[in-house]
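Working notes, beginning with the structure itself.
The values are calculated or read from the model by the stated rules, or taken from the named source; none is laboratory data. Predicted, not measured: the structure shown is a model, and the values here were computed from it. In this analysis, Cβ positions are derived from the backbone assuming ideal geometry, glycine residues included, and neighbour counts consider all displayed protein chains. Note: areas computed on protein heavy atoms with side chains; ligands, DNA, RNA excluded. Shrake-Rupley method; radii C 1.70, N 1.55, O 1.52, S 1.80 Å.
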Amino acid sequence: MTPLPPGVRDLGDLRILLVEDDAGDALLVEELLYDTDLAHTLVQCRTVAEARAELTARPADCVLLDLHLPDVSGLETIDAVRDTGTEAAVIVLTGLAESHAGVEALAAGAQDYLVKGKVDPELLQRAVRYAVQRKQSELAGVALREGRLRAQENARLERGLLPLPLLSSPRVTTTTRYFPGREQALLGGDFLDVVQTEDGLVHAVVGDVSGHGPDAAALGVCLRIAWRALTLGGHRGHELLHLLEQIHLAERTHHDLFTTCTLLTTDLAAGTATIHLAGHHEPLLLDRSGPQVVKAAHGLALGILPGTEHWPATTVALPSAGALLVYTDGLIEGYADGSDPEGGGTGGSGTDGDGAGGAARLGTEGLLRILAQTSEDDPGTHLDRLISTVRTLNADRHTDDIAVLRLDWAPPGPTG
């Protein structure tokens, strides 16, 4: 067997589609391929229509394409084959008197061309191997460019969904984390923000637009920006949620989209926090006594029943130092252990319902257990360990986005 040139890898068993209506030329190509060292399967079609049907049904690695067929002729044959969406390399077969057509075929998207009557097994083997390699490199380059564009788009969306907090008090710090539900995925509709107004109150929002992809992300960015502007403009509580719902209804692209969110208004001077829940989870309080749920009245998600406007307020006392943890449901809707739900493992004892095969969801109770076992002085390290533990237990079986906000405050200074 002829050794491979440097830098060329073994492509394995190639599926080659020959599109040729002349029986003599087709037999010649078949014999030439037989005399090569290529491991291959050869399928022949006599028309472009047959080739399109074959490529749609079964992928090919390489198409050997005659330019003169009963139903299509010339460079249009290349377009007709590529329009199927095939990722196969295309090698055009030209006649002795039309070698110029080969150059034109390259410009039209073919990977190579061969002149009938001037092909031997070695030349055919090299042409097929290099054409497939070039096509794979081309596809890899496209994927790389798409990945870069996706990363740039993610970065732009992230700036809109996860802005820098506007804080003036040294007593307050915020730490945030965001993980898209799928690797290399666009950000979803989870958003968060924190601002401190001139009266010293610290306001925070964590929200989650239903669905994934650019529509949910765009709506999330819109609501986050609107929340900041309205909060800085003096709108609070029920009135603020009313305006956010109006914006949600006006900007959503589908009538079934809704948004859950938690609004926090923290008054450190009074030692209280006022909470509005719009279809969202209750915050968690982290202090010396350990993690605990902050009991608060629940209201409706934005866009579920427009006009109902059921968003009761709950005011709770805060310790002199501590942290509030607000999160989207991606943090607790995964599974409670790493066992395979299809295998019937029951896993942990999360209380928010069972998954496939009986594997329990993590739920709020499971999250509290993890928090009780996760102690870090640094808030960022604490969130990293928390999310890492949750994702490990879940083993990538639940793919919702995760957004987490930790709002820490310290005791007042000597002049307090």
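Can you give the accessible area of residue 392, probe radius 1.4 Å, in Å² rounded to 10?
90 Å²
For region 164-277, count all C-alpha to C-alpha pairs, find those more than 20 Å apart, and express that count as a whole percent of the total.
Tail of P(r) above 20 Å: 42 percent of Cα pairs.
Could you work out how far apart the two model spin labels at residue 126 and residue 293 are, taking each label as a point 7 Å from the Cα in the direction of the beta carbon, and quote it in nm?
7.3 nm
Calculate what fraction, in whole %, of the accessible area of region 231-281 sits on carbon and sulfur atoms when a 1.4 Å probe is rolled over the protein chains.
55 percent
Please report, to two decimal places, log10 I(q)/I(0) for region 237-280 at q = 0.15, 0.29, 0.33 Å⁻¹ as given by the Debye formula with identical point scatterers on the Cα atoms and no solvent.
-0.46, -1.05, -1.16
Not counting ligands, DNA or RNA, and with a 1.4 Å probe, what is residue 409's accessible surface area in Å² rounded to the nearest 10?
Using a 1.4 Å probe on the heavy atoms, I get roughly 10 Å².
Using per-residue counts of other Cβ atoms within 10 Å, averaged over each peptide, order 362-374, 208-220 from highest down.
Order by mean packing, descending: 208-220, 362-374.
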